[in-house]
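For reference, the structure discussed in these notes is given below.
Bear in mind these aren't lab numbers, they're just calculated from the coordinates by the rules spelled out. Only a predicted model underlies this, so the values are computations on that prediction, with no experimental measurement involved. Quick reminder, even Gly has a Cβ in these numbers, built from the backbone with ideal geometry, and neighbours come from all protein chains shown.
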């Protein structure tokens, strides 16, 4: 049995709507398109967001603020999640950017910022794109080192 051999049971088979097949079908003459107008014509296609000439919603809603095109996005990694992975044996003493991606904390091309939530028990050296002050202090307190790449 293959997928293309499967047939739906009789109650689940729905016949397609056959338009333009005479008055007796109930969908003759205008074929369910109503009388005249743009939508009744062949070749009609609508532009998404078009509201019949009325000012569209995306232009009515006020825009404000400033979007910095040079903003750098960081993925946050906390010390408690690093310690958990060290306890499980997935991370070693020297942690580099590739290790975070390998264990699935972040993506391959993500920038990483280490944050200070939780506690670090083992002294490890960590390489990341940024560190919070509390994270740097906690790493050095545990006997490790933090290096900005």
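Structure summary
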quantity: Selection within segment 118-135 - in a helix (DSSP H, G or I) and under 11 Å from residue 77 (Cβ atoms); calculated: 135
quantity: Breaking point among (1) part of a loop (DSSP other than H, G, I, E, B); (2) under 13 Å from residue 76 (Cβ atoms), for residue 143; calculated: (2)
quantity: Residues that are touching a residue at least 40 places away in the same chain (Cβ under 8 Å) and either touching a strand residue (DSSP E or B) at 6+ places or on another chain (Cβ under 6 Å) or loosely packed, with under 15 Cβ neighbours inside 10 Å (or both), drawn from segment 65-79; calculated: 74, 77, 78
quantity: In segment 109-140, residue farthest from the chain's Cα centre (by Cα) [restricted to those that are exposed (fewer than 13 other Cβ atoms within 10 Å of the Cβ) and touching a residue at least 12 places away in the same chain (Cβ under 8 Å)]; calculated: 121
quantity: Neighbours by Cβ (under 7 Å, 6+ apart or cross-chain): first from segment 26-41, without any contact (Cβ under 8 Å) to a residue 60 or more places away in the chain and at positive phi; second surrounded by 12 or more Cβ atoms within 10 Å (Cβ to Cβ) and assigned to a loop (DSSP other than H, G, I, E, B); calculated: 31/19; 31/20; 32/19
quantity: Residue that is surrounded by the fewest Cβ atoms within 10 Å (Cβ to Cβ) [pool: residues in segment 86-105 that are in contact with a strand residue (DSSP E or B) (Cβ under 9 Å, 6 or more places away or on another chain) and over 16 Å from residue 149 (Cα atoms)]; calculated: 93
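Table: residues versus (1) closer than 30 Å to residue 61 by Cβ; (2) surrounded by 10 or more Cβ atoms within 10 Å (Cβ to Cβ); (3) in contact with a helix residue (DSSP H, G or I) (Cβ under 9 Å, 6 or more places away or on another chain).
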{"site": "1", "(1), (2), (3)": "no, no, no"}
{"site": "10", "(1), (2), (3)": "no, no, no"}
{"site": "30", "(1), (2), (3)": "no, yes, yes"}
{"site": "43", "(1), (2), (3)": "no, no, no"}
{"site": "49", "(1), (2), (3)": "yes, no, yes"}
